[in-house]
Amino acid sequence: MVTLNNPLISVIVPVYNAEESIIRCVESVLAQRVPRVELILIDDGSTDSSPLMLESWRDHPQVRIITQRNNGVSSARNAGIAASRGSWLRFVDADDFLPADALSLCLAPIDEHVGLIVGESQHFTPQGEPIARAFPAEAQRVLSARDAVNDLLYFHPRHGICDKLFNGELIRAHQLRFNEQIANFEDLLFVMQYLSLLDSQRVICINSVIYHYVESENSATRSAVREKHFSFARSFSEMQRLLTRSNDKFFYFLLLKVSSAYLYKAIASGEFNRAFINDHIRRYRQAFKSYLSSGMIVNGWSLYFTLFFCSPRLVSQLRKLAQNAARGASS
């Protein structure tokens with residue numbers, strides 16, 4: 001088999017039971033109008049026909065296939081990083097796909113002073129219909145790594161990894177990897193750890209769509225909440241060690257927003273151990289006090305955080321009643 005030598009970009013795709021979407025995903029990467037693109041497909045113990053479908057690309061000069069037991073998406077991404085050779089890295093989920101010019105748009109602003117490219121994502125329904133959304137007016141924004149932290153946390157929230165182009169040599173040199181023990185917000189932790197490595201290199205935010213995200217009813221934000229979703233607390237705990245006081249109010253704002261969302265779901269479901277809920281309420285209240293000390297942001301969310309601090313169970317029950325009433329009115 002002829003293999004690609006000296007790839008410029010490695011695209012890493014974890015694959016788990018993706019038989020309905022993997023062809024679209026792979027073809028979107030191989031169709032990129034950029035030379036020297038390496039596609040690394042990691043089968044994470046799929047039980048459907050995905051492994052057989054991946055074999056059809058086994059002899060493609062741009063494709064490398066890795067097979068492992070089912071260890072989760074972070075493990076698969078880490079395997080991809082370890083196998084990668086590209087100067088730059090993109091991460092793509094098997095359910096999603098790339099626009100035709102995604103990689104060329106990422107590479108256009110690159111020079112020796114650039115450490116990260118952040119682009120826009122177009123969302124699609126599971127049926128493939130584009131979802132209307134507003135994009136920033138600026139054509140391009142140039143930030144220091146320090147300023148990018150607050151930008152990504154709050155001002156222009158970008159908490160994932162798939163709308164970004166990373167320096168692969170930097171990641172490999174520092175042995176940066178995803179935390180395989182965390183199942184929620186591990187992406188944002190990875191991004192914050194990466195930013196901490198950039199030093200004087202710039203972050204460029206481009207007003208171009210570089211990712212097509214297909215929404216799923218099974219995503220963590222839409223499906224029933226499980227205890228593993230509360231591993232976000234560990235992500236935020238590890239993130240906090242990387243941040244400075246200038247990040248505090250934006251960090252705590254996001255932490256309270258995420259904490260209250262998952263606590264609401266857990267309380268409303270009635271399926272969680274009371275001691276588990278009480279522990280996370282305690283953590284929420286500690287974070288709220290830190291948010292107050294950091295100089296809270298004056299907006300509607302902060303009012304909601306305050307009410308939730310006073311009575312999380314009452315607020316959750318009232319919110320559940322309001323949602324049930326809204327569903328009844330629309331049916």
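Throughout, read-outs are computed from the coordinates displayed, never taken from laboratory work. Note that the structure is a prediction, hence the values are computed from the model and not measured. Cβ placement follows ideal geometry from the backbone for every residue including glycine, while neighbour counts extend to all protein chains displayed.
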Tilt, helix 312-330 to longest principal axis of the chain (alpha-carbon atoms), in degrees rounded to tens, equals 70 degrees
First check a/c for segment 204-292, with a ≥ b ≥ c the square roots of the eigenvalues of its C-alpha gyration tensor; if it is under 1.5, answer rounded, and if not, answer prolate when a/b is larger than b/c or oblate otherwise.
-> oblate
Is segment 121-254 rounded, prolate or oblate when judged by the Cα gyration tensor, a ≥ b ≥ c being the square roots of its eigenvalues, rounded requiring a/c under 1.5 and prolate requiring a/b larger than b/c?
-> oblate
Rounded to whole Hz and in sequence order, give me ³J(HN,Hα) for segment 290-296 from the Karplus expression 6.51 cos²θ - 1.76 cosθ + 1.60, θ = phi - 60°, writing x for Gly and Pro.
-> 5, 4, 4, 5, 7, x, 4
What is the extension gain from Ser237 to Gln122, computed as 0.36 nm multiplied by their sequence separation minus the C-alpha to C-alpha distance, in nm to one decimal?
-> 38.4 nm
Quick one: net charge of Arg282's neighbours, Cβ under 13 Å, K/R +1, D/E -1?
-> +3
Applying the gyration tensor rule to the Cα atoms of segment 244-330 (axes a ≥ b ≥ c; rounded if a/c under 1.5, else prolate if a/b exceeds b/c, else oblate), the class is oblate
Within segment 103-147, what residues put their amide N at less than 15 Å from the label point 7 Å along the Cα-to-Cβ vector of Asp199?
-> 112-116, 145-146
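Set the Förster radius R0 to 30 Å, insert the Cβ-Cβ distance between Ser87 and Ser49 as r into 1/(1 + (r/R0)^6), and round the FRET efficiency to 0.05.
0.35
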Tilt relative to the chain, helix 248-269 - C-alpha long axis, 0 to 90 degrees, to 10 | 80 degrees
How many nm is it between the label spots at Leu321 and Phe276, if each spot is 7 Å from the Cα in line with the beta carbon?
-> 2.6 nm
Virtual spin-label span in nm between Thr244 and Glu20, 7 Å along Cα→Cβ | 4.7 nm
Taking a threshold of 26 Å on the Cα-Cα distance, which of the pairs Lys249/Lys320; Lys228/Lys257; Lys164/Lys320 fall above it?
-> Lys249/Lys320; Lys164/Lys320
For the chain, the longest principal axis of the Cα atoms and the Cα long axis of helix 73-83 enclose an angle in degrees, to the nearest 10, of 30 degrees
What length, rounded to one decimal in nm, is gained on full extension from Arg285 through to Arg58, with 0.36 nm per residue of separation minus their alpha-carbon distance?
-> 76.5 nm
Using alpha carbon centers only, segment 225-244 is separated from segment 254-331 by a whole-angstrom value of 17 Å
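Fully extended, how many nm does the chain gain between Asp111 and Ser216 (0.36 nm per residue separation, minus their Cα-Cα distance)?
Result: 34.2 nm gained on full extension.
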Pairwise centroid distance, computed over Cα atoms, of segment 7-32 with segment 88-148, Å = 16 Å
